[in-house]
Amino acid sequence: MDAGEVVGIAGPNGAGKSTLIAMLLGLLPPSDGTVRIDGVAPRAFVEREGVAYLPELMNLPLEWRTAETLDRLATLGGIAPAARVGARERVIEATGIAEHRGKKLKQLSKGNLQRVGLAAALLAERRVVVFDEPTHGLDPVWTARFRDIVSGLRRSDRAMVIASHNLDELERLCDRVAILDKGKVQQVVTVRGIDGANTVSVRRWRIRVVSGASVLAGLVPGAKVDGEIVECECDLPAMNRALAAAIAGGALVGAVAPVESSLEEAFRVSVTR
């Protein structure tokens, strides 16, 4: 991946996502091949610059209080004493945990504990950011807020990696998504930008047709009609031609959407080979 990118990692349980993250953090050596960050081994990079990391599960002493936890982690992260209070207050504000600053971690809900972990990951400015299941336990409001945080972290000299089972979130957040299965990258899907080389060309579509459903269905081989809903499978140019012809023939189309996103479809194909 390149600096400035947000790359997702997806795959079924046991696919190798956690192992790959451990190698990126320098915690595990690769059994074959090499792993490099900015031209150096991950451990050397982490020791030199550090990496912002949010683990899937926070594993901290539950007797620690929220603000105390962030103070301790800022110290471990090498933040200068004069800058620690400012860094702590910045991330407390960013993650909305001010009301929990004096609570022990064991008093926090799963979602609020996750936000403490997110705050900890944001304490220091890092060029590499790794999030492992970052929206795990977050409510819909904070899931949406996390998207804003990722958007704010985008920078031309910063690379972000997000591992998640939530394909919808990966498609919203990432430029590309690597699909892993059985310890190997099966496919890399471009989900943002104009490069469609890795996307699935033939898609399944669901179209709501207010009138003239049979007209549209007759233009796409294999299309099925259920009341106002037409389902069919074709590529985007063929869909556009069919829609144009159906509308010219008097059909009234209310909505068009893929049954699956390109990432969902690529994931299904990649892990069921």
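The table below gives the values:
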{"quantity": "Cβ-Cβ under 8 Å pairs, at least 6 apart or on other chains, the stretch 182-199 side under 26 Å from Gly33 (Cα atoms), far side of a type in the set (Asp, Glu) and modelled with pLDDT of 85 or more", "calculated": "Thr190/Asp175"}
{"quantity": "Of all residues making up the stretch 245-273, the number that are polar (S, T, N, Q), outside any helix (DSSP H, G or I) and either touching a residue at least 12 places away in the same chain (Cβ under 8 Å) or more than 30 Å from Asn13 (Cα to Cα) (or both)", "calculated": "1"}
{"quantity": "Every pair of residues 6+ apart whose Cβ atoms lie under 6 Å, when the first sits in the stretch 35-46 and is assigned by TED's automatic domain parsing to the domain that holds Thr19 and closer than 15 Å to Leu20 by Cβ while the second is surrounded by 14 or more Cβ atoms within 10 Å (Cβ to Cβ) and of a type in the set (Phe, Trp, Tyr)", "calculated": "Ile37/Phe45"}
{"quantity": "Hits in the stretch 23-42 - residues which are part of a loop (DSSP other than H, G, I, E, B) and not hydrophobic (A, V, I, L, M, F, W, C)", "calculated": "Gly26, Pro29, Pro30, Ser31, Asp32, Gly33, Thr34, Arg36, Asp38, Gly39"}
{"quantity": "Residue match in the stretch 180-187 (condition: of a type in the set (S, T, N, Q), more than 17 Å from the chain's Cα centre (by Cα) and modelled with pLDDT of 90 or more)", "calculated": "no"}
{"quantity": "Meets criteria (outside any strand (DSSP E or B), in contact with a Leu (Cβ under 7 Å, 6 or more places away or on another chain) and surrounded by 15 or more Cβ atoms within 10 Å (Cβ to Cβ)) for Ala242", "calculated": "yes"}
{"quantity": "Subset tally (residues that are more than 21 Å from Gly50 (Cα to Cα) and either more than 20 Å from the chain's Cα centre (by Cα) or modelled with pLDDT of 90 or more (or both)) for the stretch 10-37", "calculated": "4"}
{"quantity": "Residue count for the stretch 42-59, restricted to those that are at pLDDT 90 or above and under 25 Å from the mean Cα position of the chain (by Cα)", "calculated": "11"}
{"quantity": "Residues that are β-branched (Val, Ile, Thr) and surrounded by fewer than 18 Cβ atoms within 10 Å (Cβ to Cβ), drawn from the stretch 144-153", "calculated": "Ile149"}
{"quantity": "Val130, sole failed condition from (1) of a type in the set (A, V, I, L, M); (2) within 30 Å of Ile79 (Cβ to Cβ); (3) not in a strand (DSSP E or B)", "calculated": "(3)"}
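The values are calculated or read from the model by the stated rules, or taken from the named source; none is laboratory data. All figures in this text were calculated on a predicted structure; none of them were measured in a lab. As a convention, Cβ positions derive from the backbone with ideal geometry for all residues, glycine included, and neighbour counts pool all protein chains shown.
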